[in-house]
Amino acid sequence: MAFSFILERLHRPEGQQWMIYLLAPLLMLLFFFVSGVYHSVQRFNGFDGFLTLFKTIVVYGAAFLCCVILLNIPDVSLATGILQPLLFMLMIGGSRALVRYLSIAVTSTPAKKCDAPNKLLIYGAGSAGVEIVNAINRSKKFSLVGFIDDNKELQGRTINRMKVFSLREAEELISTQGINNILLAMPSVSRTRRNEIVEQYRKYPILIQMLPGVEEFAEGKVTISDIKTVDIEDLLGRDPIPIDHALVNRTISGRVVMVTGAGGSIGSELCRQLLLARPSMLLLLDNAEHNLYSIHRDLDGRNARHSSITRILPLLCDVTNENRINDIIRVFHPEVIYHAAAYKHVPMVEHNPAEGIRNNVLGTHAIAEAAQRHGVSSVVLISTDKAVRPTNVMGASKRLCEMILQALAVEPGHVTCFSMVRFGNVLGSSGSVVPLFRSQIKSGGPLTITHKEITRYFMTIPEAAQLVIQAGAMASPGDLHLLEMGDPVKIIDLARKMVELSGLTLRDHNNPEGDIEIRITGLRPGEKLYEELLIGSNSTPSANPRIFKAKEHFIPWSTLQGELEHLTTAITNNDIPHIRQILKRVVPEYQPSITTTDLLTIEQQTKNGKNVRAGSPCPL
């Protein structure tokens with residue numbers, strides 16, 4: 001073709017021109033095999049594949065032109081050495097582009113012809129949105145209608161034959177064409193902006209979904225199966241504030257670190273965050289075998305992926321077993337301990353108060369004394385907002401745990417820095433309201449709420465764990481740190497939002513045909529309408545705007561030690577009235593119920609003929 005275009009007539013090689021005719025395919029085959037062009041599957045070839053083809057042909061063209069110059073064959077002009085590679089690039093690239101186009105057309109046609117159950121709009125006409133289009137077109141689950149984008153320059157244009165709509169146009173489409181899915185294809189968008197988008201479409205019965213984080217998308221890991229529903233954690237969580245990684249690394253890197261309750265919601269996330277700081281050894285303590293197995297397996301996998309040298313050791317242990325705790329600390333010599341082991345479910349502890357206090361209070365006491373005895377550098381207690389003016393046994397037990405560490409912190413003759421971190425509910429933790437609502441929505445409702453005015457503070461588990469580590473790293477002996485939890489959330493509003501995020505509607509007197517109803521069940525034993533983080537008003541800011549320091553009263557260790565001995569005896573005898581008397585004496589803010597809720601006591605009294613039902617009066 002090159003000869004024919006130059007000579008303006010159909011050309012047949014003669015004489016030494018045959019050398020050029022044979023040289024071109026031989027050079028082409030050599031370069032194509034070396035560059036791997038023939039190894040690619042054309043129907044799946046993307047931009048990178050065409051870029052490789054272009055570079056290969058450029059190198060081939062340069063080599064071919066040099067050969068034409070060096071051979072200097074009569075009747076072969078330099079123009080042939082330039083035109084032939086250009087024609088070659090046009091035909092090879094064009095044919096492969098045609099194959100690519102036809103393969104997309106063939107695979108996407110069935111999805112468009114089929115009656116896909118979900119009509120979808122993609123919010124975000126950027127690279128992420130464009131990347132996911134082909135996967136959606138090949139899926140029989142979605143029928144793609146178009147894009148939504150805030151950029152007015154893109155609105156009205158088409159991308160991959162799909163129109164980009166404005167926000168107003170999208171709302172009309174939702175109403176007129178029955179759009180029931182929106183995919184947020186903006187992996188790097190802030191939580192604030194994501195909340196605004198979700199809030200905008202809350203009034204429609206539409207399921208809002210999203211792509212994973214920008215890091216996963218950049219690594220090319222995202223497929224249509226990775227599309228997930230926007231969950232309540234994505235909305236209530238906050239944009240992160242940078243922590244002092246240098247300070248954290250100085251505290252953790254190369255050291256032996258121990259986490260009690262390592263298999264729990266907070267403990268497991270603490271372990272994941274601590275692993276990033278590369279301790280020399282990470283000791284995982286838990287009395288739940290399955291939970292301990294799960295977190296150990298997870299951390300081992302992360303260790304292998306990041307080529308970390310951290311030793312991860314799972315240790316089955318009840319924190320109230322003083323001998324076992326002493327042996328572990330004596331043998332492994334942890335320098336930092338995060339004490340997250342606790343019974344935390346308020347009604348469960350209220351029904352089993354002796355066991356709840358034994359685990360929470362005596363477990364903390366055992367950890368603290370063993371740490372003192374063996375010279376542990378730092379012990380950080382994970383506390384709760386329920387410790388403030390507690391109305392339940394769980395909250396009172398956690399306040400007593402704080403007081404144990406406060407009293408020991410000022411005792412002379414030891415090197416351990418005892419500190420505490422107090423915060424509210426974490427989203428998605430075991431036994432919390434979010435997993436409960438999620439399960440109730442899945443089963444068709446109703447969503448059960450104890451009181452329509454009840455409020456709670458919420459924080460994501462990763463943010464809480466990160467701030468706990470930061471607070472522990474900057475703690476001084478006896479410090480009580482409060483995590484700034486943001487604004488309190490009405491549980492009934494949380495329930496409504498979770499229903500709407502599921503693409504369902506609430507059933508009430510205004511909408512009797514709705515999907516799910518909310519049912520008020522009444523406050524449970526020991527439950528408060530609202531939670532607080534501070535007993536007094538004495539708090540000061542720290543270097544991190546989401547961490548505050550507080551000063552709370554406590555009892556000197558000489559007095560508290562005797563009370564703990566009395567408490568241990570009462571727990572051994574399951575003497576609930578005496579236990580409550582001690583708690584009330586040590587934690588004066590504790591306002592217990594006037595009724596007994598201990599299931600064991602109720603059953604004993606019933607069998608003794610007293611016919612005491614749950615919730616009947618029991619004197620303090």
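The angle separating the long axis of helix 265-276 from the principal Cα axis of greatest extent in the chain is about 50 degrees. Mind giving me the FRET efficiency for Thr192 and Asn510? R0 is 35 Å, r the Cβ-Cβ distance, nearest 0.05 is fine. That pair, Thr192 with Asn510, gives E of 0.70.
For the pair Val130 and Leu30, what calculated FRET efficiency results from E = 1/(1 + (r/R0)^6), where r is the Cβ-Cβ distance and R0 = 41 Å, to the nearest 0.05? Computed FRET efficiency for Leu30 and Val130 comes out at 0.70.
Which order do the peptides 514-522, 344-352, 563-571 take when ranked by the mean count of other beta-carbon atoms within 10 Å per residue, highest first? Don't skip to the answer; put the middle values down first.
On the way: 514-522: 14.4, 344-352: 20.3, 563-571: 17.2.
Packing proxy ranking, top to bottom: 344-352, 563-571, 514-522.
Annotation: amide H-H contacts under 5 Å for Leu482 (H modelled 1.01 Å from N, sequence separation of 5 or more, or interchain): Arg422, Phe548, Lys549, Ala550.
Going by C-beta contacts inside 10 Å, put Tyr457, Tyr38 in order with the fewest on the left. Let's see the in-between values first.
Working: Tyr457 20, Tyr38 8.
Placing the least packed residue first, the sequence is Tyr38, Tyr457.
Any chance you could give the angle, 0 to 90 degrees and rounded to 10, that helix 557-572 forms with the longest Cα principal axis of the chain? Around 90 degrees separate the two axes. Debye sum, Cα scatterers, region 245-600, no solvent: what log₁₀ I/I(0) at q = 0.08, 0.11 1/Å? Cα-only, vacuum Debye calculation for region 245-600: -0.40, -0.75.
Within region 341-383, list the residues whose amide N lies under 19 Å from a label point set 7 Å along Cα→Cβ of Glu322. Only 355-376 fall inside the zone, counting backbone N under 19 Å. Applying the Karplus relation 6.51 cos²θ - 1.76 cosθ + 1.60 with θ = phi - 60° to region 169-174 yields 3J(HN,Hα) values of 5, 5, 5, 5, 4, 4 Hz, where x marks Gly and Pro. Relative to the globular-protein estimate of 2.2 N^0.38 Å, the Cα radius of gyration of region 266-349 stands at 1.13.
The orientation-averaged projection of the convex hull spanning the C-alpha atoms of region 478-585 amounts to 11.8 square nanometres. Helix 393-409 and the longest principal axis of the C-alpha atoms of the chain enclose an angle of approximately 90°. Between Glu172 and Lys442, full extension at 0.36 nm per residue minus the direct alpha carbon distance yields a gain of 94.3 nm.
Extending 7 Å from Cα along the Cβ direction at Glu532 and again at Leu10 yields two label points whose distance is 9.9 nm.
Each of Glu513, Glu453, Glu552 was scored by other Cβ atoms within 10 Å of its Cβ. Listed from fewest to most, they are Glu513, Glu453, Glu552. Provide, for q = 0.15, 0.21, 0.25, 0.27 Å⁻¹, the log10 of I(q)/I(0) from a solvent-free Debye sum over equal Cα point scatterers in region 139-200. Taking Cα atoms of region 139-200 as identical point scatterers yields -0.50, -0.99, -1.30, -1.38.
Here the calculated FRET efficiency for Leu23 and Arg161, from their Cβ-Cβ distance with R0 = 45 Å, stands at 0.60, rounded to the nearest 0.05. Every pair of different Cα atoms in region 475-533 enters the Kirkwood calculation, which places the hydrodynamic radius at 14.9 Å. Using only Cα coordinates, the Kirkwood hydrodynamic radius of the chain works out to 29.4 Å.
The modelled label-to-label distance between Leu600 and Leu87, using points 7 Å beyond Cα along the C-beta direction, is 9.5 nm.
Rounded to the nearest Hz, the phi-derived 3J(HN,Hα) couplings of region 379-385 under the Karplus curve 6.51 cos²θ - 1.76 cosθ + 1.60 (θ = phi - 60°) are 10, 10, 8, 8, 10, 9, 5, where x marks glycine and proline.
Approximating the spin labels as points 7 Å out from Cα along Cα→Cβ, the Phe50-to-Arg585 distance works out to 8.3 nm. Could you tell me the center-to-center distance, by alpha carbons, between region 329-377 and region 441-490 in angstrom? Using only Cα atoms, the two centres lie 21 Å from each other. Distant-in-sequence amide contacts of Gly514, defined by a placed amide H-H separation under 5 Å and a gap of 5 or more residues or a different chain, comprise Asp508.
Only the coordinates and a few stated rules stand behind these numbers; no lab work does. Bear in mind that the values here come from a model prediction, so they are computed numbers and not experimental data. Please note: Cβ atoms are built from the backbone with ideal geometry, for glycine as well, and neighbour counts cover all protein chains shown.
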